[in-house]
Structures are given as structure tokens and as C-alpha cells.
1. Checking the table 102/157; 108/157; 26/108 against a 20 Å threshold on Cα-Cα, which pairs fail?
2. Could you put 30, 12, 52, 103 in order, starting from the residue whose Cβ has the fewest other Cβ atoms within 10 Å?
3. Give a residue-ordered list of calculated ³J(HN,Hα) values for segment 93-98 (Karplus: 6.51 cos²θ - 1.76 cosθ + 1.60, θ = phi - 60°; whole Hz; x for Gly, Pro).
4. Just report the Cα centroid separation between segment 14-58 and segment 61-82, whole Å.
Amino acid sequence: MILYTFCLSLLSGFGLYSLLYILLPKDIFSSHPQLYKLDDTACQIFIWTGISTLLLGSLIWIEELIPLDDETRDTILYNLLLGPSALPILIVGVGTQILWIKSIREVKWIRLLIALFMLVSYQDVIIWFTDFHRDYVSSSSSLLLTKVQYIGASLLKFLTVLGLVYMGRWGMK
């Protein structure tokens, strides 16, 4: 479970990294070609983290479904694969694996969509709509601060992993 949570955090960190990457002017890349290597490494981490997240999530679901009776298990699997829960799974699956294609990595609007989907999860949208509903008065107004802290910590984790992998892959040149 801890590894799964770490993978989700890396996906969010890549979302923020991608926003920063999109905002950088292209002339910086021509003067610093190692930034292309850095971005390639970041995309590889994102791709493999996506695969890891899907595999770990599947193992967690299997572990939770084993003790259930057949009817309950079938209902949960049906809702998981064809219900509203299928959309985040599909987004992580397609969003992470589409970056295998290098020409797609350079398309800014696709990269922006992937970044936004990694930063804002399905659960976040539900929480925000519930929090802003007029009949619901939240006992904590720090929900936004908590999300900002989570994204900041995710970016820090992602940049740490990116730095370690980049140095291992390309060396300190």
C-alpha cells in the first residue's frame, strides 16, 4: 500500500513537472540540450510509474476481493471496470502509456491534459463539489492547503527520483 501511494504521488509530481516544462520557453532547450535528456528521463519514470501503479492497484483489488462471496465480488468488479471508477483507471493507463511515443511528448496540449489529469483526481473533484455545496459546511477550511501541500510533496518526491535516475542514466556531466 505504501508503494502504491508513493507511485500515485510520483504521478502527481510528474503532472506539476509537466506544467513547468510546458511553461519554459523553447529557446532554453536549444541552449541547454541536457534538458531534453532530463525530460526524456522524466517521461520514462512516468511511464514505468504508470505501469507500476496499475499493477500494484490490481494486486490490492485482488487482495480485497478474495475473501468476498461470488455475488458481491461480481458486483464490485462490474462497478470497478464499467462504473465511474473505470475512468481514473483508464486515464492513468492511457495517460502514462501514450508518452512512449516521443512525438506526442512534444505536443503541448496533450502534455497539458495529462498534467491536469494527474494533478486533479476524480476524488478531488467530488470533494471540492461537496465542499462548495451550499448545504454542506466544512469543519475544515484547509482542504485547499492540504492539496497544495500534497502536490508540493509529490513534486519534491518526483524531482528527487528524477535526479537520482538522471544521474544514474546520464552521469554528472
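Rule-based calculations on the coordinates, nothing more; no lab input. Note that this is a predicted model, so its numbers are computed, not measured. Don't worry about glycine lacking a Cβ; one is built from the backbone with ideal geometry, like all the others, and counts go over all protein chains shown.
1. Working: 102/157 24 Å; 108/157 24 Å; 26/108 11 Å.
Those over the limit are 102/157; 108/157.
2. Values: 30 10, 12 23, 52 17, 103 6.
Listed from fewest to most nearby Cβ atoms, that is 103, 30, 52, 12.
3. The phi angles translate into x, 6, x, 7, 7, 5 Hz.
4. Segment 14-58 and segment 61-82 have Cα centres spaced 35 Å from each other.
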